[in-house]
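Just below is one structure, and these are the notes that go with it.
Just so it is clear, none of the values below were taken in a lab; they were calculated from the coordinates. Note that the coordinates shown come from a computational prediction; the quantities given were computed from them, not determined experimentally. Virtual Cβ from ideal backbone geometry, glycine too; neighbours counted across all protein chains shown.
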Amino acid sequence: MIVSFLAAGKLMLLRDMCALSFQEELRYWGIEESSLENCCFRKLFQKLQELAEVRKEEELRRSKEATCVLDEKTKFGQFMNRLRDMVENPQSGLPGKVFACLSILFVATTAISLCVSTMPDLRAEEDRGECSQKCYYIFVIETICVAWFSLEFCLRFIQARSKCQFFKGPLNIIDFLAISPYYVSLIFSEDNSNEEDDRPSSNTYLEKVGLVLRVLRALRILYVMRLARHSLGLQTLGLTVRRCTREFGLLLLFLCVAVTLFSPLVYLAENESGKVLEFTSIPASYWWAIISMTTVGYGDMVPRSVPGQMVALSSILSGILIMSFPATSIFHTFSHSYSELRKEHERLQSRLSRVKNANHSGESDTFNETDSLILEDQASPIKYIYTGN
């Protein structure tokens, strides 16, 4: 490689070469990284970024190991390892699979009950302050689901190695936000009944309480996010969003600049034509520019004049180009992240199977090695994003 560079004057990065080794070679020979071809320089930069993420995840894993002060040779330590297997690793055995299936079942049940509770007949009964048998059944189903989610949340908190890191996990925060509305609704409902008994003529407070209850009930849809614990596709989506924050930021910047440009143009074009004034102001034209550039086109605001239609055509074409700029990079990141997580998942499951099938001298050794696999699984990119255990 170095000889080829000295002879031809072109420095290339081999596909299977380690980025660190290549960087050390450049330092040893005193060659600047700017001598790389543009395509190879981008590859080197991407590999160094991935290496930085791996190091960050390794530091996180070591910090989690350092917080573990539990004596794993005791019966309590073995029990905690079994609990951690069941809660965090569904493929560890039958208890883990049953636990994961129950969690998915309750999530689906909650989503269905939320949809059913918005039916017109049930909404009418709720507005009248009545509660039929159907309404009662929905409340019982919701109570059972919340009880399960509360139990699962407590189990995850108990088996967490670091309690502080547990509450920093995004999925754990979502779990808390999804569970708390039920208990808050019970408190508000009790206050609501007391308020009706004490001040029957006061409706302002009751209206505010009703609004709070409706908002809290809408937060139950956050239960669907719990499926990310058991879906590799959703985990890949979350990892892609985390890795592509720069691309999404650039996309938002491009859209803001284009919207700021086309909104005044269409406003001036339509107002100068003297036709129907659908574009009453420039801020009102922002909505039209956004739905036009994203090619949604609701049709609530339509330019009538020829200059306005020319501006609309320009905004649509610009929106297509702007949306396509980061799409390739985001798709590449998603594909790479999915392949990475799938290979890591297969590798961990293969090692876990070997541990389970191997003949060990003692039961405690088996649990110790199994727990090391769980620690390794927690250091993976998706565990780094979604859990704080």
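If you build the convex hull over the alpha carbons only and average its shadow over all orientations, what do you get for the range 245-324? Give it in nm² to one decimal.
Working: hull surface 19.2 nm².
The directionally averaged projection comes out at 4.8 nm².
What nm distance separates the two modelled labels at Phe248 and Val54, each placed 7 Å from Cα along Cα→Cβ?
So the label points at Phe248 and Val54 sit 2.6 nm apart.
Using the Karplus curve 6.51 cos²θ - 1.76 cosθ + 1.60 with θ = phi - 60°, what ³J(HN,Hα) values do you get for each residue of the range 238-250, in whole Hz, with x for Gly and Pro?
Ordered by residue, 3J(HN,Hα) equals x, 5, 5, 4, 5, 7, 10, 4, 5, 5, 5, x, 5 Hz.
So for the pair Cys39, Asp300, with labels modelled 7 Å out along Cα→Cβ, what separation do we get in nm?
Taking the simple label geometry, Cys39 and Asp300 are separated by 4.8 nm.
Fully extended, how many nm does the chain gain between Phe139 and Ala218 (0.36 nm per residue separation, minus their Cα-Cα distance)? Intermediate results must be reported in sequence, preceding the final value.
Values: separation 79, 0.36 × 79 = 28.44 nm, distance 1.48 nm.
So the chain would gain 27.0 nm between Phe139 and Ala218.
Can you list residues whose amide H is under 5 Å from Leu11's amide H, if they're 5+ apart or on another chain and H is modeled 1.01 Å from N?
Glu37
Got a sec? How would Glu152, Glu278 order by Cβ neighbour count within 10 Å, fewest to most? Kindly include the intermediate steps, with their values, before the conclusion.
Details: Glu152 19, Glu278 16.
Ordered from fewest to most neighbouring Cβ atoms within 10 Å, Glu152, Glu278 come out as Glu278, Glu152.
Determine the sum of side-chain charges near Trp287: Lys and Arg each +1, Asp and Glu each -1, restricted to other residues whose C-beta is under 12 angstrom from that of Trp287.
Numbers: positive: none; negative: Glu278, Asp300.
Counting the neighbours of Trp287, the net charge comes to -2.
Give me the percent of Cα-Cα pairs in the range 70-124 that sit more than 18 Å apart, rounded to a whole number. Write down the numbers at each step before the final one.
On the way: 813 of 1485 pairs.
Across the range 70-124, Cα pairs with separations above 18 Å total 55 percent.
Pop out the ³J(HN,Hα) list for the range 286-293 in order, Karplus 6.51 cos²θ - 1.76 cosθ + 1.60 with θ = phi - 60°, rounded to Hz; leave Gly and Pro as x.
Going residue by residue, I get 4, 4, 4, 5, 5, 6, 6, 5 Hz, with x marking Gly and Pro.
I need Tyr136, Tyr267 ordered by Cβ neighbour count within 10 Å, fewest first. Write down the numbers at each step before the final one.
On the way: Tyr136 10, Tyr267 24.
Listing Tyr136, Tyr267 from fewest to most nearby Cβ atoms yields Tyr136, Tyr267.
Would you pull out the residues with amide H under 5 Å of Gly169's amide H, same chain only if 5 or more places away, H placed 1.01 Å from N?
Counting only residues 5 or more places away or on other chains, the set is Gly388.
Less than 19 Å from a label point 7 Å out along the Cα-to-Cβ axis of Phe79: which backbone N atoms in the range 141-164 qualify, by residue?
Within reach of a label on Phe79, which here means backbone N under 19 Å from a point 7 Å along Cα→Cβ, the range 141-164 contributes 151-162.
Among Thr240, Leu255, Leu265, pick out the residue whose Cα is farthest towards the positive end of the charge dipole of the range 231-279, where Lys and Arg carry +1 and Asp and Glu carry -1 on C-beta, about the Cα centre.
The listed residue farthest towards the positive side: Thr240.
At 7 Å along Cα-to-Cβ for each site, give me the label-to-label distance between Ser324 and Glu125 in nm.
5.4
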